[in-house]
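Down below is the structure, laid out as structure tokens.
The values are calculated or read from the model by the stated rules, or taken from the named source; none is laboratory data. Worth saying up front: this structure is predicted, and the values here are computed from it rather than measured. All Cβ positions, glycine included, derive from the backbone under ideal geometry; neighbour counts span all protein chains shown. These accessible areas exclude ligands, DNA and RNA; they are computed on the full protein's heavy atoms, side chains included. Shrake-Rupley method; radii C 1.70, N 1.55, O 1.52, S 1.80 Å.
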Amino acid sequence: MTNSRSLRQKFIFMIVLMVFGLALFSGCASMTGETAGENIDDSTIHTQATAAVVKDPDAHYFKIDVTVTRGEVVLTGFVDSRQTEDRLVAKIRAIRGVKSVKSLLSLEKKK
């Protein structure tokens with residue numbers, strides 16, 4: 001009788017551990033709803049897009065912010081010409097993993 005009671009307690013204990021384990025692992029997605037892989041992909045895209053801005057001969061003089069969410073890139077800030085804006089958008093679209101690029105860049109002349 002003591003052996004079956006001990007076995008039953010161990011079984012209940014294992015069930016409780018499994019329930020807590022499942023609850024713990026189900027909370028691994030971030031609060032934004034992105035998985036770790038999506039977050040890393042967005043970080044990679046952000047780094048490459050920012051590098052494209054910094055390497056551009058005209059755009060690196062201006063303040064341009066790059067935001068990436070689930071592969072969708074949004075550019076905000078200033079450029080000196082629409083040609084610079086078009087060139088940046090084309091470079092960023094060519095980055096692997098980019099789904100879309102939205103430009104909210106305003107025109108401003110260099111000082």
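Check the straight Cα-Cα distances from Lys109 and name the aspartates and glutamates below 12 Å, setting aside those fewer than 8 residues away within the same chain.
Here the aspartates and glutamates satisfying the reach criterion relative to Lys109 are Asp58, Asp80.
Please report the base-10 log of the normalised intensity I(q)/I(0) for the range 53-111, using a Debye sum with one equal scatterer per alpha carbon and no solvent, at each q in 0.16 (1/Å).
Treating every Cα as an identical point scatterer, log10 I(q)/I(0) equals -0.43.
Each label point is 7 Å from the Cα along the Cα-to-Cβ direction; what then is the distance between the points at Arg96 and Ser6, in nm?
Each label point lies 7 Å from its Cα, and together they span 5.7 nm.
Where only protein heavy atoms count, and the probe is 1.4 Å, what is the accessible area per residue for the range 38-111 in Å²?
63 Å²
Once the piece of chain linking Leu17 and Gln83 is laid out straight, how much longer is it, given 0.36 nm per residue of separation minus the C-alpha distance between them?
Once the chain is fully extended between Leu17 and Gln83, it gains 17.7 nm.
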